Amino acid sequence: MQMKDTAAIITGGASGLGEATARHFRACGAQVTLFDLDAKRGEKIASEIGASFAHTDVTDEDSVTQSLMHAKSSMGRITTAINCAGIVIGKKTLGRDGPHSLDAFRSTIDINLSGTFNVARLAAAEISRNKPAPDGTRGVIINTASIAAFEGQKGQTAYAASKSGIAGLSLPMARDLSRDGIRVMAIAPGIFLTPMLQGLPQDVQDELAKDVTFPKRLGDPVEFARLAQFIVECDYLNGTVIRLDGALRMQ
């Protein structure tokens with residue numbers, strides 16, 4: 001699949017990795033619809049890059065269904081779903097203030113894992129309606145895991161569990177959707193220079209970068225976007241998780 005033939009929905013598209021991917025895809029000629037809860041910023045980004053926007057709660061079936069209908073109306077079809085929406089919290093299983101909040105754990109799982117599955121399953125139904133390419137390909141779903149799925153640090157039980165679930169989705173979902181000509185991949189980023197980290201002092205950013213094997217820097221969101229582009233364009237990539245982390249192994 002080429003970028004010029006791509007019609008992508010991108011969750012979390014109003015900021016961070018999602019925004020970088022949306023900007024990159026549009027620059028490469030793809031059609032894009034941003035899904036995000038932040039309507040003001042989402043509409044602003046969409047206007048800047050020539051995309052469409054849909055106010056979306058990834059955990060809500062009706063919200064995602066309506067957003068998919070909007071995307072299909074705007075772009076004519078949907079070939080690609082990229083799940084970047086997510087949250088991160090830092091809480092120990094047992095902290096000074098007591099046990100980890102069950103509500104906080106459930107909320108993280110609901111948004112990161114259940115939200116990803118919700119969008120993927122509903123997007124798959126739309127992608128399956130596309131006319132197949134000569135090899136049977138109809139589209140691709142790209143989910144965002146994290147290296148925390150494999151080496152979660154202290155205080156990351158909820159986040160690591162949610163991202164481990166996303167990593168675990170890749171192969172069985174790819175097998176499920178193979179008859180429909182839909183590929184499924186996941187990217188597991190390391191430490192990326194998203195807005196959250198950009199707000200940290202430079203010395204803190206430098207300290208985080210020291211643990212990266214090489215190159216000793218934080219990841220550029222554009223590198224995530226370029227990998228997503230490669231996955232879209234390489235039809236033989238399917239059912240696996242790609243680490244994008246400069247060989248960082250979290251302590």
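Each reported figure results from applying straightforward, stated rules to the coordinates on display, with no laboratory input. All values reported here derive from a predicted model rather than from experimental measurement. Here the Cβ is made from the backbone with ideal geometry for all residues, glycine too, and neighbour counts use every protein chain on show.
Some observations on this one:
- Kirkwood-Stokes translational diffusion coefficient of segment 110-209, alpha-carbon pairs, 20 °C, 1.002 mPa s, µm²/s: 141 µm²/s
- In this rough spin-label picture, where each label sits 7 Å from Cα along the Cβ direction, the Asp38-Arg226 distance is 2.5 nm.
- Label point at Cys28 placed 7 Å out along Cα→Cβ; residues across segment 54-82 whose backbone nitrogen lies under 13 Å: 80-82
- For the chain, built as a Gaussian network whose Cα springs stay under 10 Å, the top-fluctuating residue of Ala145, Ala104, Ala124: Ala104
- Stretchable slack from Glu61 to Glu48, in nm (0.36 nm times residue separation minus alpha-carbon distance): 1.8 nm
- Approximating the spin labels as points 7 Å out from Cα along Cα→Cβ, the Thr137-to-Arg77 distance works out to 1.3 nm.
- Charged neighbours of Glu207, selected by a Cβ distance under 13 Å, balance to 0 (K, R count +1; D, E count -1).
- Contour minus Cα-Cα distance for Gln2 and Arg106 (0.36 nm per residue): 33.6 nm
- On full extension, the segment bounded by Met69 and Arg129 gains 20.3 nm, given 0.36 nm per residue less the C-alpha separation.
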